[in-house]
Amino acid sequence: MRVGMNACLRAGLLGLIALAMVSAQPHKIVFLGSTEGLQGAIQVGAEEARLQADFLNIQLQFEQDRDPAHAGNYADAHAVIVNGTPDEVLEAARALSDPGVPVLNVGTGDNELRTECRANLFHIAPSDKMLADAVAQWRKTHPDAKDVRAQAWHPEFVKFAARELNNRYRKATGMEMSDAAWAVWAAYRLVTTAIVNEPEATPKRLVEYFRDELEFDSQKGVFSTFRETGEMRQALLIVAEGKLAGEAPVRGAAASDDLDSLGVQECKP
Amino acid sequence: MIRTLLLAAVLVAPLLAHEPTHRLFVTNEEDNTVSVIDSRTHELVKTINVGERPRGIGFSPDHSTVYVALGDENAIAEIDSTSLELLRKIPAGSDPEAFAVHPNGHIYLSNEDSGLASVLDPKNGEILAEVKVGIEPEGVSVTPDGKRVMVTSESTSMVHVIRVPEHTIEANILVGARPREVAFSPDGKYGYVSCEVGGEVVKFEVETAKIVARKKLRREIKLVKPKGVRWGPDGRIWVATGRGDVVAVLNADTLELENTIPVGRRTWGMAFSGDGKTLFVTNGLDNSLSVIDVASAKETQKIPTGGMPWGVILDD
């Protein structure tokens, strides 16, 4: 009985402390740019993020703004997810570099943008080079392969709980999860993975956390981290002759966990 | 006279304690079967066609019944552990994956695609409670005192601590990426969680839900993906490391890695023999069950199973 009382008291006190923390510091996450075809991904990503935060009494606040040029208005955000052209993404990163708000690129695979290596700029969408490297690895091990392309995601992918994510997305949106949708979902989940692990973190500290500590479950088997360029290390999927054929890093061409065999490694001088 | 004997038999039968059969029961996810193997001779006793996508497996408190979660049939199958007959299937909510049987006989199970932990009374098939947990709930364990049930949610990276019998969430413990299972020290003081994608084992204090130690195994074990975790008969923590293709043995206090035992590919399910001398682990990509001698920490044999063996339990 006494144990029960103690537990009760403790839970009550913890609850009060949690409430005080919540009102003091909501975490704002902003989506910047066109949401065309992406509302489903924003919804699923944000809802899954909120569920995780709710269990820990951490409050999240989601906003959207269709104009990528408005980045400067969100200096109070904890993270800004940008869907835009390479110039728009770079401009957003510049506009938020002083408060040091992390900017997550979900829309462009531009290689050059990766060589900019701005401290607060992170790339969730795979670079064009990352995709090309994956195709090259596949061709090396499958010399007769035709019509090969690499993707960030595939609606028929089932391994590593990809089946579960595909099912959730289908159920919530009635659509198949595209590469772009996956990147948006991943951005929301990645930001909140950092926030729930570091609920007291300033945006600047989140940038450090992304670079040094984050281990994000991309639901592609190997956890993701960021490399020097700000590019997210991730596994890719190989589609050959219109069908899901395998994963990259491609066994035989690279070790299956060697994510650095894919993508942009160097910053511009 | 005969009538009296029959009557006596009817009266006595339910009172007879279940005698251990020393049989291993292995769920084969790909084949939709359960392999029944004699744990002493390592011979296949029977292959039971159980239903679609069998994964989680466990005994009733008296071991007379084997329960099998059938993910694609939204049901729990009941098998008589002596006659090996498939008795019936109980509706168990959407996509049951793993479960634990409470000493009171209730089945606590995770419904993977609906984010729920459900409490099922197998006697009447009634769902007694549903608790909303995180995304992709997976491993379910009951504390030794039966007062708490812990459910991991893989995509929310948490252990949810549920009070019994209130069925309210008492705490949520944020751990590494993709937590799969929880094991407890026999005194119920500590819980040990395997985090598959994080490649780590996290130790927490049950009473306070505070993390007290964590150990990343990636440096020592290539491609490590911890799944099965057990408090071993030697007081160490035994971990099936998935594509690490080894069983890892950790110090229960510090979580330091003390030993690795090479087994087959993608090792997940684990069962110790009653005498604590032998460990059996499933190798999902080799369609086999490794037999490990606990004292020498060596694999002594691989027993063939069905396709993609997932879980294993032993009636010992």
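The values are calculated or read from the model by the stated rules, or taken from the named source; none is laboratory data. Bear in mind that the values here come from a model prediction, so they are computed numbers and not experimental data. Every residue, glycine among them, receives a Cβ derived from its backbone with ideal geometry; neighbour counts consider all protein chains shown.
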Looking across the stretch A:196-209 at residues that are within 11 Å of another protein chain (Cβ to nearest Cβ) and farther than 16 Å from A:PHE226 by Cβ, the single one that is modelled with the lowest pLDDT is A:PRO199
A careful count of residues in the stretch A:180-206 that are under 19 Å from A:ARG114 (Cα atoms) and surrounded by fewer than 23 Cβ atoms within 10 Å (Cβ to Cβ) gives 1
A:ALA150 fails exactly one of (1) buried (at least 23 other Cβ atoms within 10 Å of the Cβ); (2) hydrophobic (A, V, I, L, M, F, W, C); (3) in a helix (DSSP H, G or I), namely (3)
Residue set A:GLY109, A:GLY40, A:GLY45; condition touching a Ser or Thr at 6+ places or on another chain (Cβ under 6 Å), outside any loop (DSSP other than H, G, I, E, B) and either within 14 Å of chain B (Cβ to nearest Cβ) or not hydrophobic (A, V, I, L, M, F, W, C) (or both); output residue A:GLY40
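Can you give me the number of residues within the stretch B:71-105 that are under 14 Å from the mean Cα position of the chain (by Cα) and modelled with pLDDT of 95 or more?
5
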Among strands (runs of 3 or more DSSP E) entirely inside the stretch B:161-255, those with 3 or more residues being more than 10 Å from chain A (Cβ to nearest Cβ) and at pLDDT 95 or above are B:179-184, B:190-195, B:200-205, B:210-216, B:229-231, B:237-240, B:246-250
Listed by range, strands (runs of 3 or more DSSP E) wholly within the stretch B:65-111 having at least 2 residues that are closer than 27 Å to B:MET158 by Cα are B:65-70, B:75-80, B:96-101, B:107-111
The residue from A:ASN83, A:ASN120, A:ASN105, A:ASN167 that alone is surrounded by fewer than 18 Cβ atoms within 10 Å (Cβ to Cβ) and of a type outside the set (A, V, I, L, M) is A:ASN167
Over the stretch A:238-263, the set of residues assigned to a loop (DSSP other than H, G, I, E, B), touching a residue at least 40 places away in the same chain (Cβ under 8 Å) and within 14 Å of chain B (Cβ to nearest Cβ) is A:PRO249
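Which one is surrounded by the fewest Cβ atoms within 10 Å (Cβ to Cβ) among residues in the stretch A:210-231 that are more than 14 Å from every other protein chain (Cβ to nearest Cβ) and in contact (Cβ under 8 Å) with a residue 12 or more places away in the chain? Talk me through it step by step, then tell me what you get.
At the first step, the residues of the stretch A:210-231 found to be more than 14 Å from every other protein chain (Cβ to nearest Cβ) are A:210-212, A:226-231.
Cutting the leftovers down to in contact (Cβ under 8 Å) with a residue 12 or more places away in the chain gives us A:210-211, A:226-231.
Values: A:PHE210: 23, A:ARG211: 16, A:PHE226: 19, A:ARG227: 17, A:GLU228: 11, A:THR229: 23, A:GLY230: 27, A:GLU231: 28.
Filtering the stretch A:210-231 for residues that are more than 14 Å from every other protein chain (Cβ to nearest Cβ) and in contact (Cβ under 8 Å) with a residue 12 or more places away in the chain, the one surrounded by the fewest Cβ atoms within 10 Å (Cβ to Cβ) comes out as A:GLU228.
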Within the stretch B:173-197, restricting to residues that are free of Cβ contacts under 8 Å to residues at least 24 places away in the same chain and farther than 20 Å from B:TRP231 by Cα, the one that is surrounded by the fewest Cβ atoms within 10 Å (Cβ to Cβ) is B:LEU174
